[in-house]
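The values are calculated or read from the model by the stated rules, or taken from the named source; none is laboratory data. Values in this document were obtained by computation on a predicted structure and should not be read as measured data. Because the Cβ atoms are built from the backbone with ideal geometry, glycine has one as well, and the counts that use them run over all protein chains shown. Ligands, DNA and RNA are stripped out before the accessible areas are found, and what is left, the full protein with its side chains, is counted by its heavy atoms. Shrake-Rupley method; radii C 1.70, N 1.55, O 1.52, S 1.80 Å.
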Amino acid sequence: MIQAPPVEKSTTRSGGLLLAIVLLGQFLAVLNVNIVNVATPTIEADLHSSGAGLQMIVAGYTITYAVLLITGARVGDLFGYRNTFLTGLALFTLTTLGCGLAPSTGWLVAFRFAQGAGAALMMPQVLTLIQHNYQGEARGRALGLWSAVVSGGIVVGQALGGILLGFGAGWRIVFLVLVPVGALLLLAGLKVLPADQGGGRAGLDPLGLVTLSAAVLLFIVPLVLGRDLGWPLWGWASMALSLVMFAVFVQVERWVTARGGRPLVDARVLRAPGMRPGLAVLLFGPATWGAFLFTSALHLQGELHLSPLMSGLMLVPCAVAFALVGLAWPKLPQRFQRSLVPVGYVVAAPAYLGLAAASGGGVPYAVLSALIGAGLGVQIAVTNLATQQVESAYAADASGALLTVMQLGQVIGVATVGTLFISLMHGQTGQASFGTAVALAALAVLAGLSSLFLVKAKVSPTRT
């Protein structure tokens, strides 16, 4: 069993500024998942992009990001979390500038892939830096803000894209406006982020990297592109082959461990109490979240004829409730914190079902979205419970695994529930509300059942 990590003192002099820098960097990365969605019509007209080209502009970022997340966590472990975060931020900022200046669809796709690589280097370090620099209540508050940024960035991305395009400056503005923000964060990070020692445990595990990347890529590419391509046969074959590659990856990791090497995903991390059920919760919970945001945008902008800005604002109650629950959770008495997790999904599941009756929008829709956000806000508790028994030396491994599963969960939710929604709507999105609501509620129930195993996980008595 992995022993509890030694208690580390939280950063004092620059703790608040440190947290602001890493969370703003994370916000930029999350924002870029959706900010480009509302700009695709103008990109198509300006660059004469094909349908496949537009799909890769939107999906390329997510694909690279998901494939490289665990590797990004390992790079931080080897070369230092500060250095890796700043390198990822610099790459992200430069490639964002490249996106804004791209002369053709091909260049824009290439820069979007590179953007995802920068985000994959940057994002795992955020959670790891929080784990290393904050403990106790301070850590809970920091994780609450981390969770709020993850949820808020998705909603803000859609709304901000609509606002920027409303100024008539063209699609390039959705990228160029982020460049000075990234540059300022980079300068501040150079002065504020604490130096840390990389290279404590050698080995990048290239064979594990290749097999895991192949497995994730074979799985996520057909999920991202399959709906728009009509779910071709090659997509199903690719997903089946991904299962084989995941099995190969497990065997490779065992072989690396047996030879005394450092595997990409250390089995001791997965054996930590709470990690495996936590990963299950963070697969199903984000699946409901990603699917809800995707189908809501289609419904609000489709049948209800709301602008991208207004459809984004309709989801603000959801994001606010999500953030408030995440921030309030660490302030609860210890005896209530663990039991809060299943309760969250008990709230979210019937709220999802209620969406079928509130498809006309307005106040009922906003209230239900707030209940959904409040229920899913317990995911910050999930993150904390899943990692609290992981040894400090393996924080990067845990961060990479959790973030990868969360990203895969969102992609799976969008692909499965999103496809169901589109197949049921028959020109009117309201017709798809019931089947979609049932699917979302079912995913929430699966997350809740998984959370029961999480809250029952043994807690080391040495943990403070």
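I'd like the full set of residues that are open to solvent by less than 20 Å² (accessible area, probe 1.4 Å) and within 20 Å of the chain's Cα centre (by Cα), limited to region 298-320.
Within region 298-320, 312, 315, 318, 319 meet the criteria.
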Selected residue (criterion: modelled with the highest pLDDT) from residues of region 395-432 that are open to solvent by 20 Å² or more (accessible area, probe 1.4 Å) and of a type in the set (Ser, Thr, Tyr)
416
Could you list, ordered by first residue, the pairs with Cβ atoms under 6 Å in which the first is in region 298-313 and free of Cβ contacts under 8 Å to residues at least 12 places away in the same chain and within 15 Å of residue 161 (Cβ to Cβ) and the second is crowded, with 19+ Cβ neighbours inside 10 Å and among the hydroxyl-bearing types (Ser, Thr, Tyr), at least 6 apart or interchain?
301/311
With respect to residue 118, is the statement that it is closer than 28 Å to residue 210 by Cβ, open to solvent by less than 10 Å² (accessible area, probe 1.4 Å), in contact with a Pro (Cβ under 7 Å, 6 or more places away or on another chain) and not hydrophobic (A, V, I, L, M, F, W, C) true?
no
Identify, by number, the condition in (1) farther than 18 Å from residue 407 by Cα; (2) in a helix (DSSP H, G or I); (3) open to solvent by 10 Å² or more (accessible area, probe 1.4 Å) that residue 103 doesn't meet.
(2)
How many of the residues making up region 177-214 are modelled with pLDDT under 90, within 30 Å of residue 161 (Cβ to Cβ), part of a helix (DSSP H, G or I) and not hydroxyl-bearing (Ser, Thr, Tyr)?
1
I need a count of the residues in region 114-160 that are closer than 20 Å to residue 35 by Cβ, more than 12 Å from the chain's Cα centre (by Cα) and modelled with pLDDT under 75.
5
Of the residues that sit in region 363-384 and are of a type in the set (A, V, I, L, M) and open to solvent by 10 Å² or more (accessible area, probe 1.4 Å), which one is farthest from residue 133 (Cα to Cα)?
363
Give me the helices (runs of 4 or more DSSP H) completely within region 308-356, filtered to those with at least 3 residues that are under 24 Å from residue 421 (Cβ atoms), ordered by residue number.
308-314, 316-328, 340-354
Can you say whether residue 359 is hydroxyl-bearing (Ser, Thr, Tyr) and assigned to a helix (DSSP H, G or I), as far as the supplied structure shows?
no
Has region 31-52 got any residue that is buried (at least 20 other Cβ atoms within 10 Å of the Cβ) and over 22 Å from residue 165 (Cα atoms)?
no
